[in-house]
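The values are calculated or read from the model by the stated rules, or taken from the named source; none is laboratory data. Note that the structure is a prediction, hence the values are computed from the model and not measured. Cβ sites come from the backbone with ideal geometry, for glycine too, and all protein chains shown count toward neighbours. With ligands, DNA and RNA removed, areas are computed over all heavy atoms of the protein, side chains included. Shrake-Rupley method; radii C 1.70, N 1.55, O 1.52, S 1.80 Å.
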Amino acid sequence: MGPCSRLPQWYYHISAGLVTFFGGILVIGLARFGMFIYFRRAGTGWKELYDSSSSSSGSPTIHRRFSLFSRVRAAGRSLVSGDPWWSKLLVVFMWLLNMTSCIHFLVNVTKFSVDDCGPVLGDASEYTWLAMCCIFVCYYIVRFAAATDKLAMWTGIYSIVDHFTILPSFVGLYYNVNWLGLRFLRLLHILQVTDILQLTHVIKSNRHIRVVQVVTLLVGVWLCSAGFVHLTENNGDPFTRYDDDRSQRLTYWDCVYWLLITMSTVGYGDISPQTYVSRAFIILFIMGTIAMFASVIPELVSAMASSNKYAKPYKRTYGKKHIVVCGHITYESVTPFLRNFVHADTKAKTRNTHVVFLGSNTPNLELEAFFRRNCNEITFIEGSAMDSTSLQNVKLAHADACVILANRKASDPDEADAETLMRVTAVKNYRPHTRVIVQLRRYQNKRYLLHIPGWSWDRDHGDSIICISELSLAILAQNCLAPGFATLLSNLFTMRSSLPEKFNSWRDDYQYGASNEIYSETFSKSFYDLTFRQAAELCYLHHDVLLVAVNVCDKRRTHMKVNPGNDVVIKPGDVGFFIAQSSQQVARFLVTVRVAAFKGVVSYITKDSELQTKSDINSNEDELGLRETQITWSPTWEEPASHDMLEGSGMFHWCPSRKLDDCLLDDISTREHNFRNHVIVIFPATASVHPVELVNFVLPLRASSFRYKELKDIVIFVKNVEFVRKTWEDITNFPNIYVYEGDISRRSDLRAVNVNHSAMSVILSNQTHIVIDDKHHIDKEAVLATLNIKAMCGQALQRRLMLTSGSSEHRILELKRSIQMEDKNSTPFTTLLEIRSNVQFLEHDDDDSPDTPFYLTMTYASGRAFAVSMLDSLMSCVYINSDLLTMVRTLTTGASVAEYEQILADGLGLSRQQSLVDVSAARNRCRVAQLSLDDSRLTHLQHDNRYGRLFVQALNRYGILCLGLYRVMDPSGDALLPSRRFVMTHPPPSVNLLPTDQVFVLEPYFLEQTSGSVAGSCEPSATVSRASSGASSRRCGSRADRPPLYSDCSGQTGASGFLSDRTRHGRSKKSAKAPPSRTVVADDSCTTHV
């Protein structure tokens, strides 16, 4: 070994590194030049040697010669790529070894000076350092062999660190000098922390990666710069003499402290550089680090401040369930969901359920404030449903359900549904058995769910789909049959409590009805073997609860039956659907009936169908006089007429396909048709927007539960016929559909389709959200069209009023009667709105303020407006009660849900029914209707102007289930003024009826009004006492005198003209296939066989 003199020998160490670095560059350059010459003579490019895709080209001899290099490069890549587990282990091990070398430097720089003469091998720490250097050399060779571009690898930052730290250590061994020198460069390996944490999957989000990058950059530059200043200040300038040295003795930690003060622009002045090299370095250091410090620190603070707010994983609570809500998370979409979820009536089912929202964007201030107000029930986590890490953060594997909200503000509904379907796919791929409740905008996109693995259509425990276009258009279609039904049904699945204030007006009655909701409960033993009619009467009279449907359980599946009459007998496990003020009212009623049954207080039906009357029968019946006349209704079937062509399943009316041009109306054809009592669908939009799925509107109006003669003509009023052409194929097989191309602003076009004589005009809004400055303008066409139609009717009335001036009293009375009749049959309209607040522009003569809630406005209460956002409440309702969606769809679509799904979701089209064997069973469905009190079916009833008695007698005699009233807001108003109505859902039994009231009912299919009588009716001969036990005299003959299938009170076969002679004879021939007769004995004047 050489002598250790007092002369500085640091230039030996630096020279060794420089010679290695530049010598390697020279060798690599010469090697490349030689390979270029060689391959050029061989007739191929030398770069093809490094291109794996060109291995089949060029000279095979060349590739055989260099195959050894290729195998070595492939072996080196497998070691340093980090892909196999052993490669990942090697990369992590080498990084830890580099961190160990940094710690070794920090320890030695504290104990020794920069260059220390002495026995190098006498120190145990130097043995450790030399051993690490040997390992670094081996790893460097592996990296060099794996590199495709040798020059880029040789000049890389980590290669430069090895050049100036490894070889100088062996030079110091020769000179017997422990020279720490440039070992501080190994601190640059701190910058690899981000790569190592990503390789080991410790951090994954971009925010975490950026935070680690910023921190390691600051620390690495700080510590390495301190090492350079420590070297130059202790060794002096390289161009000065040893005896004229400007060096000063500073420890490494003094330099660290000084550079931190310098970066922060404080500068105490206690330490200052003495050497010229240090001063030049500090100038560059201040210029660079101050800019970096000023830009990076705010970013770091911002990232760290937001990191602990919405990125933390959800922590499950023992004994508490949770659901995940993802998709389009906004204040408008979240509030309806939570309003029903935290309602007092649902607290019993959601008390131990926590809601976890998964949103891709940070919530705005309004949504954040909403989350803070409900922090005990909800948690928001930022992430995406497409990311498995986010699904893991919300604990989706343990979630009770996953609710996916659609983006109703997207301009393209199909694209919005595609994003929703991708979220469903991600959720099912993560956990197939998770229950999913998804919201879609277009019905045609439901078919894609059939192809998603794990999707379940099982209604009891499966997934649910809430399609906005399907339900909104179906509800509007039913509103055409019963004006105001859209309001009635929407209030039933929107949970709200009655306001404490009193209005002293029609709003008190309306608010009482709006506070009713639909609840489901399992029947108690007291209801077993009761028919639906008997159970409905018992529920209504006992505790003011309205039973509307039964979920019948059989061996394989459940069936939803809405107002099935006597066809359904309640069995164990059946679930009833009730309309009541609260869930406690339903539960308390069932408990009361169960207790009273054991005490012998409740009247019930035994298995032999005999009515047992107890001494303590309901006092409500005595008070209302409901037990005086109870008559059992007789179902009578009617075979479809020859022109009643049905589609294959028998659920809808059918006709041969027609071309759109054949169904276009002009001025001549409209006069020939002279439309009356028809339905007009108005869509004031161009063909550029996405078409409305009119099939969802047409199907409920073409249900087979209507006879052909009862079908209303449908006139589609569009601005551009190309709009209908896009969806004409879906509705071409339905009868009596016409298209009129006109301008809604021209009243001559409206008069051409007889808008004043229509049964209902439905104005559809633009459901495609275009980019506009003000969101309220989305409904501008619908609002203007509504105002134009109202103005037409208003001007006609004004002209009629002007004619009264100067007329005689007889003329005025005559005019009033005419106006009353015209108002009674006036054109109702319904406007579909996208923005709720736009309802204030539809009615200018109402008493609503701009702050009036949507459900309390006069327009909505009368059924003249419907908002798409009302369906948002269904999401939470379906989670609480999965059968509610089935019942809503059964009521709105007018068909059995299973067949309805098969026809529309599969897109198979409609074909004609080939056989009429099972048509009667398919058509036997109740339907929504609206009856006036002067209807022949209701005038036969002795209701004494009380709603409770009307309910019971209509149910007993005709099987009609009353749902509510459609009442005039101001019954005492002037007859010359238009009478507005409001919906009164499930009124109390003691409510007095008004002559102008109309009744919302669910009526059976086979009811038909005939001249002079009603099908299946039996007139009582006398009032029957409650104490009688069936011994009362009856006008009907004995049982032997009656036909086996049905009878009327006169003993004649048939039902008062309900069936033709041909039909009756056909029925008699098939009497062997008729169902067995069942006798129901009640307190009436006639026994009816079913």
Inset, instruction - Mind grabbing the accessible area of S524 for me, 1.4 Å probe, Å², rounded to tens? - result: 0 Å²
Legend entry - Cβ-placed point charges (K, R +1; D, E -1), dipole of the stretch 337-457 about Cα centre in debye, nearest 20: 480 debye
Inset, instruction - Tell me the label-point distance for the pair E368, K409, using the 7 Å Cα-to-Cβ offset, in nm and rounded to one decimal. - result: 1.7 nm
Legend entry - Using a Förster distance of 25 Å, the FRET efficiency for A921-K571 (Cβ separation, nearest 0.05): 0.80
Inset, instruction - Using the charge dipole of the stretch 388-431 (Lys, Arg: +1 at Cβ; Asp, Glu: -1 at Cβ; taken about the Cα centre), state which of A397, A418, Y430 has its Cα farthest towards the positive end. - result: A397
Legend entry - R747 versus D508: modelled label distance in nm, points set 7 Å from Cα along the beta carbon direction: 4.0 nm
Inset, instruction - For the stretch 681-749, state which GluC sites (Glu not before Pro) are in a DSSP loop and have at most 14 other beta carbons lying within 10 Å of their beta carbon. - result: none
Legend entry - Under 21 Å, Cα to Cα: Lys pairs in the stretch 317-459, sequence gap 8 or more or different chains: 11
Inset, instruction - About the Cα centre of the stretch 155-280, how large is the charge dipole given +1 on each Lys and Arg Cβ and -1 on each Asp and Glu Cβ? Please answer in debye to the nearest 20. - result: 520 debye
Inset, instruction - Quote the charge dipole size of the stretch 261-400 about the Cα centre in Debye, to the nearest 20; the model charges only the Cβ of Lys and Arg (+1) and of Asp and Glu (-1). - result: 680 debye
Inset, instruction - Figure the gain on full extension for T155 and A291 (residue separation times 0.36 nm, minus the Cα-Cα span) and round it to one decimal in nm. - result: 46.3 nm
Inset, instruction - Normalising by the residue count of the stretch 322-389, find the relative contact order in percent from Cα pairs under 8 Å and 6+ residues apart. - result: 39 percent
